[in-house]
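Some notes on the structure that comes next.
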Amino acid sequence: MQVANSKEHIGDIILDLRKNDTSIGFVPTMGALHKGHLSLIKKALQENDVVFVSIFVNPTQFDNQKDLKNYPRTLDRDVELLKTVSDSKIFVYAPTVEDIYGKHPKAKRFDFDGLEHEMEGEFRDGHFDGVGTIVKRLFEIVTPDRAYFGEKDFQQLQIIRKLVDKNNLPVKIVGCKIHRETTGLAMSSRNERLLPEYKKAAPFIFRTLQEAKKKFGTKSATKVTEWVKKQFEKNQLLELEYFIIADIETLKPVKRKSQSKKYRAFIAVYAGEIRLIDNIALN
Ligand code: PAF
């Protein structure tokens, strides 16, 4: 498996592949790979000749320096895991911060038509400027035909679609279903940092989302939201940061349900020091 640490090296590999009209799928990651990532990579392998996986903990999307410092960095293990999927068709780009940003890592400012101010945007200052900056940069370096993103970060997925639209980037964005542990907990690199009692408690998040979905069939968004808040008030271990039922296009909270619109419920929860997010399609 080829692992490149610089954009020059990646550029050479791509130039060579493109001579043979090879199609390129791309899965950007921050490493600490798990089955959720592997499912994106497998889908990308089905739809493209080769797949590039970037492994880069992007400093500009963290509003919390402690979170950035504690983010797991497991490159050797990640590469071994990728080899179990394919040794010859997967290429890894694991750049240094300097390779991407030069001497001064800084995010550009983006206008995503307001999507960036909702939910994660409200609770994580500047987060989507950081995501937009790195994803655009990676698209320029890797020049993929298709790029794959998980629906667990549904707001990120919609923002990346907007980034591509607004900048006319020549890449197709493919959204992929949330991969869950058998307990229902959405797969995340953060799960491995959960202390045992929190790991045991965390499947409550998805159970509550499923119940909220049932209730949304007959009750208003406000009533469902009140119900969810009550469930978390009774929970000793999990602390609810937000629960929002939103229109999937605007990501704005629902005031009045409309038959013609699609909705999702979004949630962020602290399990001890670890922040977990999840979401569910409601209709
Ligand atoms: O979803 C992630 O892991 C990151 O936000 C991404 C898309 C790799 C950008 O750093």
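What follows draws every value from the coordinates through simple rules; no lab data is involved. Owing to the predicted nature of the structure, the values given are computational and were not obtained by experimental measurement. Here the Cβ is made from the backbone with ideal geometry for all residues, glycine too, and neighbour counts use every protein chain on show.
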| said: Show me the strands (runs of 3 or more DSSP E) found entirely inside segment 238-283 where at least 2 residues are small (Gly, Ala, Ser). | reply: 263-271
| query | under 19 Å from Leu276 (Cβ atoms), among the hydrophobic types (A, V, I, L, M, F, W, C), in contact (Cβ under 8 Å) with a residue 60 or more places away in the chain and surrounded by 14 or more Cβ atoms within 10 Å (Cβ to Cβ): does that describe Ile205? | reply | yes
| task | Name every residue in segment 166-192 that is closer than 17 Å to Ala268 by Cβ and within 15 Å of the ligand (Cβ to nearest atom), in order of residue number. | result | Ile178, Ala186, Met187, Ser188, Ser189, Arg190, Asn191
| said: Report every pair of residues separated by at least 6 positions or lying on different chains whose Cβ atoms are under 7 Å apart, first residue within segment 258-280 and within 20 Å of Leu238 (Cβ to Cβ), second among the acidic types (Asp, Glu). | reply: Ile267/Asp278; Ala268/Glu241; Val269/Glu239; Val269/Glu241; Tyr270/Glu239; Tyr270/Glu241
| task | Read through the list (1) closer than 27 Å to Arg109 by Cα; (2) within 16 Å of the ligand (Cβ to nearest atom); (3) touching a residue at least 40 places away in the same chain (Cβ under 8 Å), then give the number of the only condition that Gly11 fails. | result | (2)
| field | In segment 41-61, the residues that are within 16 Å of the ligand (Cβ to nearest atom), touching a residue at least 40 places away in the same chain (Cβ under 8 Å) and aliphatic (A, V, I, L, M) | value | Ile41, Ala44, Val51, Val53
| Any residue in segment 232-245 that is touching a Ser or Thr at 6+ places or on another chain (Cβ under 8 Å) and of a type in the set (Phe, Trp, Tyr)? | yes
| How many of the residues making up segment 175-202 are surrounded by fewer than 19 Cβ atoms within 10 Å (Cβ to Cβ), within 12 Å of the chain's Cα centre (by Cα) and among the hydroxyl-bearing types (Ser, Thr, Tyr)? | 1
| said: Looking at Thr84 and the list (1) away from the ligand (no atom under 15 Å from the Cβ); (2) touching a residue at least 12 places away in the same chain (Cβ under 8 Å), which single condition is not satisfied? | reply: (2)
| note | Taking segment 128-165 and the residues there that are basic (Lys, Arg) and within 11 Å of the ligand (Cβ to nearest atom), the one that is farthest from Thr250 (Cα to Cα) would be Arg137
| message | Given the condition crowded, with 18+ Cβ neighbours inside 10 Å and basic (Lys, Arg), answer yes or no: does some residue in segment 148-165 qualify? | response | yes
| said: Can you confirm whether Lys172 is under 16 Å from the mean Cα position of the chain (by Cα) and closer than 14 Å to Val135 by Cα? | reply: no
| query | Inside segment 117-144, can you point out the residues that are assigned to a loop (DSSP other than H, G, I, E, B) and either touching a helix residue (DSSP H, G or I) at 6+ places or on another chain (Cβ under 9 Å) or among the polar types (S, T, N, Q) (or both)? | reply | Glu118, Met119, Arg124, Gly126, Thr143, Pro144
